[in-house]
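Each value in this text was obtained by applying a stated rule to the coordinates, not by laboratory testing. Since we're looking at a predicted model, the values are computed, not measured. Note that we place each Cβ from the backbone using ideal geometry, even for glycine, and neighbour counts take in every protein chain shown.
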Amino acid sequence: MLNFGPYYRNHEISFQNDGLGIHLIRGGNGQGKTSIQRAILWGLYGEVKDRRGETIRPTSLLNHTAFNEDIYQFGVQIDFIHDGVNCRIIRRTQAIRHHDKKYEEGMTLELYVDGRIVPEPERQIQRMLPPDVSRFYFFDGEMLRDYEELLEDDSRAMALLKDSIERVLGVPYFKMARNDLEGIKRKFERERARIMRQLGGSDLEELAELQQMLQDELDDLDKTINELEKQKEILDNKIAEDKRKLADMKEVRELATRRLEIEKDIEINEGKKDKKIAERNTMIEKLYKNVLAPIASTLIEKFEIQSQQALDMYNQKQRALEHADKLKKGIKESKCSYCGTVLDEKKLKELEAELEETKIRIEELTQIPEPNLEYEHSKNTLTKMMDDVLSSEDLEEIDKKINEYDYEIAKLNSELENVKSKLEGVDADEPSRLELQIRTNEKESGRLSGKIEAKKEEKLKLLEEKSELDRKIDAIPQDQLKKLNKRIIFTDSIMRIFERAISTFREEQKAAVEKTATEIFREIRSKEEFDRLKINDQYGLSIITVHNTILDRSEWRSSGEEQIVALSLIGALNKCAQVKAPIFMDTPFGRLDVTHGERVLKYLPKMSDQIVLLVTDREFREGDEIHLAGKIKTDLSLKYTGEKEGSIIYPTTAGGE
Amino acid sequence: LLILVDRGCQEQIMTIINQRVG
C-alpha cells in the first residue's frame, strides 16, 4: 500500500505459506484494520463502499501526512494466485490537485497474469471475482448481524442480495446461456425471413411477411409476459416481506399478553402483601403485652404461692375445728371420741387443756384470710395475657414474607417497564392493516397470474400458427432455408435444455447450501436442541428444532444466534461457490460471547483455504491461538503512532504483544 | 455441445451451431 488511509508511504503485508491457512492481523479500534480490507477492494474495483453501501470519496482515501506534504498520490499492489497462475494487480492514482474528479481521472490499472500484462484489466478482474459477490468474501461483523435485516430491508435490497447469492452459486450462467441462445435463434429467424424475400414470388413474400408478423407478435407477447412476471415477482416479494413483518408482530401480541399477565401478578402480590401487613398490625397492637410479660410472670408465681398458703391454712383450721368438736364431745360424755375409752378426772383435765390450745390455734388461723376466687381470677387473667405474647420468630416470619412480596412486585414492575418500553410506539392497528394489504396484494398477484396464463395461452396459439407456417415454408425446396430451419429447431432444443437446467440447478444448489449450512451450524450452534437450518426462497433462514418445530427469526434472535446463523450461511455459500477467493473478516466476533467465539474459531480452518482475520484484542484474546491448532501462518499487529507517521505493521510477538 | 459462457459470446455459440448443422 502506498499512502493509503492511515498508511504513510510504502507498507507491505505478506501472507506466509503461499497464503494458505489462517492469517491474523491484530489491532484495536482506529489502528487501521478496516483500511487493509478497503485497500484490497480498491485495488480490485477502483472504489470502496462504506458500511451503508455509500462510495467513499477518493480524497478520503489519501493519507493525511502525504496530503500535508502535497503528495496527491496513492496506490495498491496485490500479488495473488488465480486458477493456479501467479497474478499481480497494480492500481495507482495521481492528481495535480486534491480533488475527487482529479483522482478518478489520474487512475491507472495494470493486471499481470503469469508475468504478462493483460488487456482490459477491469473486465478481467470482474471475471475473477464479480464485485457483487465480493460481499461474501470481504465482510465485517456488522454484515453478519445485519444479514437478516438486509433481507427485510426492502424488496430492492432483497432482490439484490438474492441475485448476489444466486451469482455466487452459479445460477446466472444457465440464464446467460439461455438468453444467448434466444438471441441466436432470433438472428436465424431474421436471416430466414430476409432470404425468403430475396427468393421472390408473391406467395413466398406473403408467407415471409406473415411469418415476420407472427414473430413480431410473439416478441411483443414475450415482452408483456416478462413485464407481468416481473410485476408479479415484485408483488410476491412484497407479500413475503409483509408476512415476515406480520410474524414479527406476533411478538408484539405476545408482549401485550405478557403485559396483562404481569399486571395481574402485581395485583395478586399486592393483595397478599396487604394481607400480611394487616396481620402484622394486629400483632403490633398486642406488643405491649410483651413488655408486661416479665411482670405478669412474677405476679402469677406470687399469686400461686399466696393461694397455696391460704389453702394450707384453711385446711389446718378445718382440721383444728374438727379436733375441737371431738374434744368437746369427749369432755361432755367423759369418753374418748376417737377410741371410746372412759376418761378419768385427770384425763378430762388434759382434754380441757388441749381444747383451750386448739381454740387458740383456731383463733390464730382465723386471722389469715380464707382462700377466695380473687387469686384464681387474677392468675387466669394474667395467664391469658401471657398466651397472647408474640414470639420474635412470628414477627420476623411476617416481615420476611412482606419483603418477599416487595421483591416480587419490584421484579414484576421492572419487567412491566421493559415490556411497556418495547410496546411504545407500536401501532396497534398495523397488524390488521398489514393483513388487509397482504390480502389485497395476494388478490392482485392472483389476477396477474391469470393474466400471465392468458398471455401464455395466446402465445401457445400463435406458436401453433407459426409452426404450421414454418412447415409450409419448410416445404419450399431451398437448401439455405432448410439449413436455417434446422438451425432454428436445433437452437430451440438446446435452449429448452438450458431453460430446464435453471430451476433444477437452483433447487439443487439451494439444497446443497442448506445441507452445508446445517453442517456448519451444528458445529457452532449454542443449543443442542437447534437441529438444522432451512432456507426459504428469499434465502432467509429458519432454525428447525429436534422436535421438528420451525423457529422463525423472531423466536430465536433474542438467543444471540443471529450471527451464528448468518455465518453458517456465508460459510456454506463459500463452500458451494463457483468462485474461489480468500475470506477477509473484519472484527467478526465482536458480538459473540466467549463460548460462541471459541466454537467459531475452532471451525474457521474448515471454512476456506485462506482466511484473514482482522481482530481486536477484545475478540481475540491471549490463548485463543490454541483453538486454531497451529493453523496460524501469519501473525501481524497494527499500531497507529500518530498523525505524522500514521499506522505501522509489525510481527506479533509472544503473548499477542 | 452443451456452450457452457454483460454477450455479443453469441457469435462464438452461433459458429458452433452452424458447424453442427449444415
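Points worth noting:
- For the range A:287-388, the Cβ-based charge dipole about the Cα centre amounts to some 200 debye (Lys, Arg positive; Asp, Glu negative; other atoms uncharged).
- DSSP-loop trypsin sites (Lys or Arg not before Pro) across the range A:244-332, with at most 13 other Cβ within 10 angstrom: A:286
- Its DSSP H runs of at least 4 residues, each contributing -39,500 (n - 2.57), put the calculated 222 nm mean residue ellipticity of chain A at -22000 deg cm²/dmol, to the nearest 500.
- Cut-off under 5 Å, modelled amide H: who pairs with residue A:8 long-range: A:647
- Computed from backbone phi with θ = phi - 60° and the Karplus coefficients 6.51, -1.76 and 1.60, the 3J(HN,Hα) list for the range A:380-385 is 4, 4, 5, 5, 4, 4 Hz; x is used for glycine and proline.
- Pair residue A:550, residue A:504: separation of 7 Å Cα→Cβ label points (nm): 2.7 nm
- Within the straight-line cut-off of under 16 Å between alpha carbons, the lysines reachable from residue A:633 are A:602, A:606, sequence neighbours fewer than 8 places apart in one chain being disregarded.
- Hz values of 3J(HN,Hα) by residue in the range A:392-409 - Karplus curve (6.51, -1.76, 1.60), Gly and Pro given as x: 4, 4, 4, 5, 4, 4, 5, 4, 4, 4, 4, 4, 4, 5, 4, 4, 4, 5
- Extent of the range A:287-388 along its three principal axes (Cα atoms, max minus min coordinate, largest first): 73, 20, 14 Å.
- Positive-end ranking of A:256, A:402, A:27 along the dipole of chain A, with charges on Cβ about the Cα centre, is headed by A:27.
- Cross-link pairs exceeding 32 Å between alpha carbons, from the set A:273/A:379; A:243/A:510; A:384/A:411; A:175/A:486: A:273/A:379; A:384/A:411.
- Length-normalised contact order for chain A - Cα pairs under 8 Å, 6+ apart - percent: 26 percent
- Of the trypsin sites (Lys or Arg not before Pro) found in the range A:1-66, those in coil by DSSP whose Cβ has at most 11 other Cβ atoms within 10 Å are A:51, A:52.
- Peptide A:520-528 - average C-beta neighbours from other chains (10 Å radius): 0
- Phi-derived couplings, Karplus 6.51 cos²θ - 1.76 cosθ + 1.60 at θ = phi - 60°, listed residue by residue for the range A:435-444: 4, 4, 4, 4, 4, 4, 5, 5, 4, 5 Hz, with x used for Gly and Pro.
- Debye equation applied to the C-alpha atoms of the range A:212-316, log10 I(q)/I(0) at 0.17 Å⁻¹: -0.98
- For residue A:71, residues with placed amide H under 5 Å, excluding near neighbours: none
- Amide H contacts for residue A:652 (H built 1.01 Å from N in the peptide plane; partners 5 or more residues away or on another chain; cut-off under 5 Å): A:635, A:636, A:637.
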